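> Quick one: this structure, given as structure tokens, is what I'll be asking you about.
The values are calculated or read from the model by the stated rules, or taken from the named source; none is laboratory data. Please read these numbers as outputs of a predicted model, since none were measured by experiment. A quick note on method: Cβ atoms are made from the backbone with ideal geometry, for glycine too, and the neighbour counts reach across all protein chains shown.
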Amino acid sequence: MTRTAFVADTGVFVRAGGPDNEKYQRLRSAVVGAGVTLRLPRRVYAELGGDPHVDTYPSGSVVEEAIAAEWVTVADELDYTNSLVSTVMDQARRFVAAHTGRDEDLVEKADTALLGLSAQLLNSGHTRRVVLLTTDKPAGEAALALFSNHGFDDQVDYRYVGREFLASVEAETFR
Amino acid sequence: MAHAPSRTDDAPLRQFQIVSELLETPPLARVYTHADRTGPVTVGEIVTETGVPQGTVYDYVDRLETAGLLRTVAAGRPAKYATEPVGLTLSTDAGSQTVDTTLIAAVARRETDEDLDVFVDRHGLDGLAAALEYTREFVDGTVNARITARELDLSPLEAEIVLQALEPVVRASTGDGGDC
């Protein structure tokens, strides 16, 4: 059984910058040093590679090197027929809409892929705890609020990946 | 009956001129923002901290002082300068936009953040102003990059890039440890 799974969001890789960046190197060395991998929901992987204009930005596409070096993996497709996955994502969509004062139509179910993957991992019985690494505070708050209703008390946590997080990240962070 | 035009430095069109210059000239915005964020400063301190050449800083300080956005707080040598806040609202048929010190700080950041420079090249100053409003919410935790992307017609990745680029500007404006 995997004790803890780490699920990473788009913002983590934007914040870390590319392989030449000290923040990226620090994150890589912390993850590799702890012997874990960061899992990307498919949706996040698509976001990181999905904009042809983004190559013009220095903080554009940076995740391929990490996947090739195997400290980041692209997770399995979400199984929407799994009722826990589907229910959690729907609840998260409503939570995020309310938390941000938006219409529910403006938040897509796929926006909450981070929570969907968390649900899928916990439901598989192979993972006891999930830590989300994200800059999406509404989704992070949704994760903290929703999983206890499904019998996963204190089994999902989130870290806001700001500059402070990347400045102090070390292997111990992932143990 | 017509009124004689005001000759004071804070007359609206004079303000508009200097604000236009600030928006169009990132090094000028950087000099203003540095003085604004650090309190009374000398020309020498501005040169050291911003890397803008000394002759240019003297020119900028002169223009900002003439426009009433800088004032001398300690005469003598070297003189120290403090800022007056920028506050100008432009109204057009397409809507209105307020230019404040935080938007000037965002322009200043183009000098040191290439992501932001690319963003302004692609989306203009109106795009920057809109992204800055979303960044305030992003810092408060009441919006995310995905909603921002949908509402500003950006890709989620581009939204994430600009929100992160502007985050230090917003945090500095609220005294929360950002840097400019």
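> Hey, any hits in region A:68-84 for a residue that's exposed (fewer than 14 other Cβ atoms within 10 Å of the Cβ) and within 14 Å of chain B (Cβ to nearest Cβ)?
So far as region A:68-84 goes, no, none of its residues is exposed (fewer than 14 other Cβ atoms within 10 Å of the Cβ) and within 14 Å of chain B (Cβ to nearest Cβ).
> Same structure again: Name the residues in region B:163-179 that are at the interface with chain A (Cβ under 9 Å from one of its Cβ atoms) and either in a helix (DSSP H, G or I) or among the polar types (S, T, N, Q) (or both), would you?
Once the filter is applied, which keeps residues that are at the interface with chain A (Cβ under 9 Å from one of its Cβ atoms) and either in a helix (DSSP H, G or I) or among the polar types (S, T, N, Q) (or both), region B:163-179 yields B:163, B:164, B:165, B:167, B:168.
> What about residue B:81, is it touching a residue at least 24 places away in the same chain (Cβ under 8 Å), touching a helix residue (DSSP H, G or I) at 6+ places or on another chain (Cβ under 7 Å) and over 20 Å from residue B:109 (Cα atoms)? Step through it out loud before you land on a result.
Details: touching a residue at least 24 places away in the same chain (Cβ under 8 Å): yes; touching a helix residue (DSSP H, G or I) at 6+ places or on another chain (Cβ under 7 Å): yes; over 20 Å from residue B:109 (Cα atoms): yes.
Yes: the conditions hold for residue B:81.
Here is a yes/no grid of residues against (1) surrounded by fewer than 15 Cβ atoms within 10 Å (Cβ to Cβ); (2) basic (Lys, Arg); (3) under 28 Å from residue B:167 (Cα atoms):
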{"position": "A:39", "(1), (2), (3)": "no, yes, yes"}
{"position": "A:42", "(1), (2), (3)": "no, yes, yes"}
{"position": "A:95", "(1), (2), (3)": "no, no, yes"}
{"position": "A:105", "(1), (2), (3)": "yes, no, yes"}
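> List pairs: first in region B:152-180 and within 16 Å of residue B:125 (Cα to Cα) and of a type in the set (A, V, I, L, M, F, W, C), second assigned to a loop (DSSP other than H, G, I, E, B) and modelled with pLDDT of 90 or more, Cβ under 9 Å, 6+ apart or cross-chain?
Short answer, once both residue conditions are applied: B:159/B:144; B:162/B:154; B:163/A:135; B:163/B:143; B:163/B:144; B:165/B:113; B:166/B:113.
> Looking for something within 9 Å of chain A (Cβ to nearest Cβ), part of a helix (DSSP H, G or I) and in contact (Cβ under 8 Å) with a residue 40 or more places away in the chain - is there at least one such residue anywhere in region B:119-135? Lay out the reasoning, then the answer.
Initial filter on region B:119-135 (within 9 Å of chain A (Cβ to nearest Cβ)): B:119, B:121-122.
This time we only want the ones that are part of a helix (DSSP H, G or I), so: B:119, B:121-122.
Imposing the further condition that a residue be in contact (Cβ under 8 Å) with a residue 40 or more places away in the chain reduces the set to B:119.
Yes, region B:119-135 has at least one match.
> In the set B:112, B:101, B:92, which member is outside the structural domain of residue B:19 (by TED's automatic domain parsing), more than 16 Å from residue B:169 (Cβ to Cβ) and of a type outside the set (A, V, I, L, M, F, W, C)?
Working: B:112 fails: more than 16 Å from residue B:169 (Cβ to Cβ); B:101 fails: more than 16 Å from residue B:169 (Cβ to Cβ).
Result: B:92 is the single residue among B:112, B:101, B:92 that is outside the structural domain of residue B:19 (by TED's automatic domain parsing), more than 16 Å from residue B:169 (Cβ to Cβ) and of a type outside the set (A, V, I, L, M, F, W, C).
> Looking at (1) surrounded by 16 or more Cβ atoms within 10 Å (Cβ to Cβ); (2) over 29 Å from residue A:119 (Cβ atoms), which is the one condition that is false for residue A:22?
It is condition (1) that residue A:22 fails.
> Please go through region A:33-66 and pick out each residue that is touching a residue at least 24 places away in the same chain (Cβ under 8 Å), more than 14 Å from chain B (Cβ to nearest Cβ) and closer than 20 Å to residue A:130 by Cβ.
Of all residues in region A:33-66, those touching a residue at least 24 places away in the same chain (Cβ under 8 Å) come to A:33-34, A:36-45, A:47-48, A:58-59, A:62-63, A:65-66.
Next, from what is left, pick out any that are more than 14 Å from chain B (Cβ to nearest Cβ): A:33-34, A:36-39, A:65-66.
Within region A:33-66, A:34, A:36, A:37, A:38, A:39, A:66 qualify.
> Quick check on my filter: what residues within region A:131-175 are aromatic (Phe, Trp, Tyr) and either farther than 17 Å from residue B:140 by Cα or buried (at least 17 other Cβ atoms within 10 Å of the Cβ) (or both)? Show your work before the answer.
Initial filter on region A:131-175 (aromatic (Phe, Trp, Tyr)): A:147, A:152, A:158, A:160, A:165, A:174.
Hits for region A:131-175 are A:147, A:152, A:158, A:165, A:174.
> If you don't mind, another one. Could you grab the pairs with beta carbons closer than 6 Å, sequence gap of 6+ or different chains, first residue in region A:132-156 and away from every other protein chain (no Cβ under 14 Å), second one at pLDDT 95 or above and assigned to a strand (DSSP E or B)?
Taking only residues 6 or more apart or on different chains, the pairs are A:147/A:156; A:155/A:129; A:156/A:130.
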